[in-house]
Amino acid sequence: MGTPSVTVTVTASERRLLEPLARAKTAPQRLVERCRIVLLSAEGWANEAQADELGIDRQCVRRWRHRWAKARPALVAAEKRGASDKDLEKLIIGILDDDERSGAPPKFTPEQIIGIIALACESPAGSGLPVSHWTPPELAREAIKRGIVDSISPRQVDRFLAKRTCDRTRASTG
């Protein structure tokens, strides 16, 4: 028959915060689904029944039941401290949010990125180029030549510059 499911308990105040999140039309779908898992688990639904009801994998239900159970002490402590509904909701959303993923380490340091951006702010004529504006290939070659980076593609240079341009545009219009 398998291992019994982890018992999930929900206080009245947690339920009051979870139910609207589980019905929210504008919340991220993953949050809505996870709130529903917690609520159904608290009502005693089995993992397989929940998985069928929600159209998801049984292991997904299991994962979020365990996550909620593991977070119970923090929720109970917050309620005992008299945390506001807003603070409790933040805590609940944090519990039901995805964990940080490590991903690949960044290839370029912030100093290298700043060096490339600073280079782009210089005149190409100062580097002996007979052009009035930098192109990504020229910037990539010059950044390598100056030792800012060991290697970089023109496309990556373009991405760094496009991000900075967008940041400036948003700052000036927002």
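General observations
- Over the chain, DSSP H runs of length four or greater, each weighted -39,500 (n - 2.57), average out per residue to a 222 nm ellipticity of -20500 deg cm²/dmol.
- Inter-probe distance in nm under a simple model that places probes 7 Å from Cα toward Cβ, at ASP97 and SER151: 3.7
- Cross-link reach list, lysines versus LYS25, counting only Cα pairs under 27 Å and skipping chain neighbours closer than eight places: LYS86, LYS90
- In summary, the helical segments of the chain meeting the span-like criteria, namely a full DSSP H run, a Cα extent along the axis of 15 angstrom or more and a mean Kyte-Doolittle hydropathy of at least 0.0, are 29-42, 85-96, 110-121.
- Isotropic mean projected area of the C-alpha convex hull, the range 110-168 (nm²): 3.8
- Each label was represented as a point 7 Å from its Cα along the Cα-to-Cβ direction; for ALA24 and ASP57 these points are 2.5 nm apart.
- Projected label distance in nm at LYS70 and ASP85, using a 7 Å step from Cα toward the beta-carbon: 3.0
- On a per residue basis, the convex hull of the C-alpha atoms belonging to the chain measures out at 201 Å³.
A short reminder: the numbers here are calculations on the coordinates, not readings from a lab. Just so we're clear, the structure is a prediction, and the values are computed from it rather than from any experiment. Here Cβ is always computed from backbone atoms with ideal geometry, including for glycine, and neighbour counts include all displayed protein chains.
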